[in-house]
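Step one of this worksheet: look at the structure below.
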Amino acid sequence: MAPYAPEFEKALEIGRPPNIVKLFPHSKALIVSGKVIDRAMIAKGKAMTIAANARNSFVIRGALQAAQRANAAIIIEIAKSEGGASAYCAVNYWNMATYIDAVCNELGITIPVAIHADHYAIKGDKDVGKAKTEIPTMFDAGITSIAIDASHLPDEQNLLSSIELNRFIPKWAGLETEVGEIKGKAGLSTVDEALFLIQGLNAHDIFPDWIALNNGTTHGLEASDAGIQVGLTAEIHQALEKYKISGAQHGTSGNSSDRLREIASKTRTTKANVATALQMISWGLEVNDYGNAILDDNKNFIKVKDAGATEELWAEMVAYANDKGLQGGDYKKLNLPFENKLVCQPQHARDRSVKAVEDFIAHMLVNVFNAQDTAPLGIEAILQAGSYDLGPKAARIEDPAEWTADKIHERAKTLNTDKGPEGDFDD
């Protein structure tokens, strides 16, 4: 292996957060705060990178190889539903950093990568109580960025829960907040809702790196071609301009490449989550050019011969799904029971799964997201800061006296919002 560049060596020395240094003291993996990745995209301009949901180990390996190939800074993440305490994936909040560090060192990966706890959902007081213990354990295990997602709650509770839990998140860590639960065309986020959340956080010296919106997309299989509403996204981002917050685009799988290029070029989005597409591609299922799985006339997935999982293992996965009554997007629940069977396949099957993920992500990074050559910009951000802690992008603008708990409740009464239907909209 060729010697590492001096800039990379210096970034390794000063750019890894304390939890990563403690966990992996001799590592050559440049695992960084989510802030580094956001700043790299901002520095390039009109660029966003993939936040690859690591539902299986093939996705981790493929994503890192793709990022190295594209010389792009990236994020690897898992959501609470996927990898929390009641997970449906083998990769989780507490082992993901170990997977990533090992693969980076094995392959000589030299791009900055953040490890993000996505959709850390807060749905009530019970979740807030658990989070006070659970969030520190996640950072102990190597998480470097987190999304506190209390969007399931009324606006005032979303804000108050986010304020209450912020003290459990290291100041150096990447931070994402969310307004409007991801429900497709129902319950779309509004400018007023977004301002309410970001202004209230700002008054309490909380400066998120990203905001996620319900801007018309969905998790899982995209049911229609409606997808992301670029105009709405741009309008909300513009209204938040002085708070210097970037966008996080959820539910990217199934949206056309043209629409995703629009999100990168016309909004302030720097983070694009991709989950379902990567899972399907790693299994060897037929997808369209932007990763949405194609179904046959009987609404069954189409397995591509000699792609992904072996035909024998895929038949076993389908039989299991049929026995459990799993259809469509619920195939995600195959991840946990089949991870060990997937990784003990012959090497040619494992290699083609990883390569398919790598090729898909590399194409997205270079040809759709405009993230190519952002890795040096992430390293430069670390060197300019002289630290793993890049600090906030914004400063306090709002008056804390106007954002007490009582005033937050009063302000919330003036919001005119439609939260959409009740239901389970978890990733």
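Among the residues of region 273-303, write down those that are aliphatic (A, V, I, L, M) and buried (at least 16 other Cβ atoms within 10 Å of the Cβ). Can you show your working first?
As a first pass, look at region 273-303 and keep what is aliphatic (A, V, I, L, M): 274-275, 277-278, 280-281, 285, 287, 293-295, 302.
Of everything in region 273-303, those that are aliphatic (A, V, I, L, M) and buried (at least 16 other Cβ atoms within 10 Å of the Cβ) turn out to be V274, A275, A277, L278, M280, I281, L285, V287, A293.
Please enumerate the residues belonging to region 1-30 that are touching a helix residue (DSSP H, G or I) at 6+ places or on another chain (Cβ under 8 Å), over 21 Å from S145 (Cβ atoms) and either surrounded by 20 or more Cβ atoms within 10 Å (Cβ to Cβ) or of a type outside the set (D, E) (or both).
Of everything in region 1-30, those that are touching a helix residue (DSSP H, G or I) at 6+ places or on another chain (Cβ under 8 Å), over 21 Å from S145 (Cβ atoms) and either surrounded by 20 or more Cβ atoms within 10 Å (Cβ to Cβ) or of a type outside the set (D, E) (or both) turn out to be Y4, K10.
List, please: which pairs have Cβ atoms under 9 Å, are six or more places apart or on different chains, and start with a residue in region 143-154 that is crowded, with 24+ Cβ neighbours inside 10 Å and end with one that is in a strand (DSSP E or B) and of a type in the set (S, T, N, Q)?
Close Cβ pairs (under 9 Å, with a partner that is in a strand (DSSP E or B) and of a type in the set (S, T, N, Q)) amount to A147/T177; I148/T177; D149/T177; A150/T177; S151/T177.
Looking only at residues that are within 21 Å of E358 (Cβ to Cβ) and of a type in the set (D, E, K, R) in region 304-323, which one is surrounded by the fewest Cβ atoms within 10 Å (Cβ to Cβ)? Steps first, please.
At the first step, the residues of region 304-323 found to be within 21 Å of E358 (Cβ to Cβ) are 304-310, 313-314.
Cutting the leftovers down to of a type in the set (D, E, K, R) gives us 305-306.
Values: K305: 6, D306: 11.
Within region 304-323, the match that is surrounded by the fewest Cβ atoms within 10 Å (Cβ to Cβ) is K305.
Scan region 47-54 and give yes if some residue there is within 21 Å of A264 (Cβ to Cβ) and assigned to a loop (DSSP other than H, G, I, E, B), otherwise no.
Yes; the residues of region 47-54 include at least one that is within 21 Å of A264 (Cβ to Cβ) and assigned to a loop (DSSP other than H, G, I, E, B).
So in region 105-125, with the set limited to residues that are over 12 Å from K80 (Cα atoms) and touching a strand residue (DSSP E or B) at 6+ places or on another chain (Cβ under 8 Å), which one is surrounded by the fewest Cβ atoms within 10 Å (Cβ to Cβ)?
Here the residue is I111.
Being in a loop (DSSP other than H, G, I, E, B) and of a type in the set (G, A, S) is the filter; apply it to region 197-235 and report the residue that is modelled with the highest pLDDT.
The residue in question is G216.
Residues in region 94-137 that are assigned to a helix (DSSP H, G or I), touching a residue at least 12 places away in the same chain (Cβ under 8 Å) and farther than 24 Å from A150 by Cα: how many?
Number satisfying all stated conditions: 9.
Go through region 62-82 residue by residue and tally those that are assigned to a helix (DSSP H, G or I), touching a Lys or Arg at 6+ places or on another chain (Cβ under 9 Å) and either among the aliphatic types (A, V, I, L, M) or crowded, with 24+ Cβ neighbours inside 10 Å (or both).
Result for region 62-82: 2.
Just name the residue that is nearest to A349 (Cα to Cα) out of those in region 37-59 that are surrounded by fewer than 24 Cβ atoms within 10 Å (Cβ to Cβ) and of a type outside the set (S, T, Y).
So the residue we want is A47.
The values are calculated or read from the model by the stated rules, or taken from the named source; none is laboratory data. Predicted model only: the values in this text are computed from it and were never measured. Don't worry about glycine lacking a Cβ; one is built from the backbone with ideal geometry, like all the others, and counts go over all protein chains shown.
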